[in-house]
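To start, the structure under review is shown below, and the notes come after it.
The values are calculated or read from the model by the stated rules, or taken from the named source; none is laboratory data. Quick caveat: nothing in here was measured; it's all calculated off a predicted structure. Reconstructed Cβ throughout: ideal geometry from the backbone, glycine too, with neighbour counts over all protein chains shown. For accessibility, only protein heavy atoms count, side chains too; no ligands or nucleic acids. Shrake-Rupley method; radii C 1.70, N 1.55, O 1.52, S 1.80 Å.
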Amino acid sequence: MFSAFATLSSSAPTGSPPKDVPPPTPLSLPQCNPQLPGDAGSAGRWAQPSLVRFLQTLHRPADVNESHFAALGVHVHAQAPAEHVLPDPSYLPSASGWDGIDLDEARRRDPTFRTPLSNGKLSPEARSYLERRDELSVANQAAFRTVRRMKPEPGKLPVRLGNCYEFFRQLEFIAAYWDDTSLPPSSAETTEMNPEQEQGQEQGREQESRTTNTPQRTTYRTAPGSQMPAEFRHNLVSAFVKLVAYDFGCNVAPSRVEPRLHLIEPPSTQANRKGGPATRRMSHFSSGCVFIARTPVTREAARAGIVEGPIAAVSARNTTSFSKPTESNIDFGRELIAALAAAQLRARESKAEKRIGEGEWWATAKRWGGGEGGPIGREFEGDAIVGDKDAFEMESLGDGGGGPSADGPASASNRPVGQDPGFVRGIPVRGAPLNKKPRKTLSVYDRYRMVRPPSSNWDRKARYEAIGKVRGAGHDDVFVVSSLFHHLCVLRVRVPDRLLQILDGAPEDDGEGGGRSWGKLEIWRSCWFDLFVVEQRLEAMRLLWGVMAWSMRKVDGDGDDEVVGGM
């Protein structure tokens, strides 16, 4: 949604390195990998009486600490290889054997490479995977020349970016804030040089490019990375994920409803003894993420904007400083919220919506003890249409039917809706233009007077489904594509079904030996991939391809699928 604004920003300059550039932002990735004490396979003991009540004590991000991760039973496998991130490594493309093969050889691999998908189609061809590898293997500076429509270097052919054009376009925006790590550090001298020296240095770089087969540098950083707009990183990660998701019939779709992790307090035993209705506190944490969703097969549903899933969460954050442990804990907490929020959405499959506040007294009983109430805010000033900027007060002419009654507050029933031709208008209120029509919606104060439950947190155009879930396993493997700086990693979070029930307000019974009834929350985190480096972004694309292949695989029945991999 922010891609249009990216075109208005200034790109990194070309030619000689700019002068008076601010120092680069230090690049330090967060180091928060909670471990369960003792045996990693044990559930451990939990001393707090209620997990949800303990999590609801969080009011600020700085309050997050290791005790909250221990309450959830978080156990992280850091720097996990791609074969461990996937539950079944057979869906992962081979790491070698793709260099130097042609399209005919790639087509001969299709019988073993392609698998049935849950949408009734086959997975992408080996030719598509080979094309993505070739397109992502283009050197950054050569790709930036194509994005800027510059002539190629002397003696070299122009490169074709194909489907990766949007990815390199977003990467070129980021190059104005972060140094291209695929190139050696810029050797810009701090002393001033005259034009002859600058011309000689430029010719030296061109000569080095011809002799060493290294692309000539065309972009330089002009600002620190801490000043980069947040939408740049989001656009870069979305463009990278779409390179793989499109071929599997999926897309990166932002939720029409704010994605939240909902917490419902368990029933209170004290309220049950009194015989009255139990008062249960409901709260939520905002995730700030988007989701990878499956596109419907039918054209009508796809045009209507209906999405299915979600399949995975995409979380791109704008934090650039992790010098304190608290900052790493906050970032890891945001990744955890994105995973649990995606798990709650996937768990809505075959369930009916239960709106927050439905049947509660505070969502049905009238305010002020059932009285009419009095004027609010600007209604004391006698404004005819309160809270409506497009409307204005009409003067009462003729038989006096033009304005509201002075005996009571303004309401939707006694406000002027239209005027006859030739009707003389009164003095405009708040400088509103005379040619504007009154709004048909209710005013701010009339909406406040309406007693009703909060708005729905279910997307009307979403078909919630746990796509790729192992049926009957008692847990759901949720993937999170996490991004910081110009790096990307993939997390697999194994969310127990019992934990989701507790977060939804189920009673929290102790497990065997007084431990957690849900066991633990196990996480496999891959290494961080630098999207500037060709080798690392190829490995990231390979892992993402395996994630989509496993998540979109065809599951024959609810109980026919087995737990595979043993991870």
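Annotations
- Average accessible surface area per residue within the range 140-186, 1.4 Å rolling probe, Å²: 51
- Distances between placed amide hydrogens fall under 5 Å for residue 311 paired with 292, 293, 294, all partners being 5 or more residues away or on another chain.
- Cα gyration tensor category, rounded, prolate or oblate, for the range 78-119 with a/c compared to 1.5: oblate
- HN-Hα J in Hz across the range 475-483 - Karplus 6.51, -1.76, 1.60, θ = phi - 60°, x for Gly and Pro: 8, 10, 8, 10, 9, 10, 8, 9, 9
- Maximal additional length on extending the residue 96-residue 497 stretch stands at 140.6 nm, based on 0.36 nm per residue less the C-alpha distance.
- Inter-part distance where the range 77-127 and the range 523-554 are each reduced to a Cα centre, Å: 12
- Counted charge near residue 319, where neighbours are those whose Cβ lies closer than 13 Å (Asp, Glu -1; Lys, Arg +1): +1
- Working note: Cα atoms of the range 19-156, range along each principal axis, descending, whole Å: 69, 56, 29.
- Heavy-atom accessible surface of the range 232-366: percent carbon and sulfur, 1.4 Å: 51
- Exceeding the 28 Å Cα-Cα cut-off - candidates 156/242; 354/440; 242/351; 242/554; 354/461; 242/324: 156/242; 354/440; 242/351; 242/324
- Calculated FRET value between residue 62 and residue 460, using beta carbons and R₀ = 56 Å, to 0.05: 0.95
- Other residues whose C-beta falls under 9 angstrom from the C-beta of residue 346 contribute a net charge of -1, scoring Lys and Arg +1 and Asp and Glu -1.
- Karplus (6.51, -1.76, 1.60) ³J(HN,Hα), θ = phi - 60°, over the range 447-458, in Hz, Gly and Pro reported as x: 5, 5, 5, 6, 9, 7, x, x, 5, 5, 9, 9
- Convex hull volume per residue, computed on the Cα atoms of the range 228-327, equals 179 Å³.
- R0 of 56 Å, Cβ-Cβ distance residue 183-residue 368: FRET efficiency to nearest 0.05: 0.25
- A crude spin-label estimate for the pair residue 84 and residue 226, with each label 7 Å from Cα along the Cβ direction, gives 3.4 nm.
- Residue-span extension gain [residue 103 to residue 351] - 0.36 nm each, minus C-alpha spacing: 84.7 nm
- The distance separating the Cα centre of the range 307-331 from that of the range 215-247 comes to 17 Å.
- Packing-based order for 547-556, 281-290, using average beta carbon neighbours within 10 Å, highest first: 547-556, 281-290
- Ligands, DNA and RNA are left out, and with a 1.4 angstrom probe the accessible area of the range 301-385 is 51 Å² per residue.
- Residue-wise HN-Hα coupling along the range 528-536, computed from phi with Karplus coefficients 6.51, -1.76, 1.60 (Hz; x: Gly, Pro): 7, 9, 7, 6, 7, 8, 4, 4, 6
- Per-pair calculated FRET efficiency, R0 = 60 Å: residue 53 and residue 440 via Cβ, rounded to 0.05: 0.85
- For residue 462, net neighbour charge (Lys/Arg +1, Asp/Glu -1) across residues whose Cβ lies under 10 Å away: +2
- Counted residue by residue at 0.36 nm each, then reduced by the alpha carbon distance between them, the extension gain from residue 262 to residue 112 reaches 49.8 nm.
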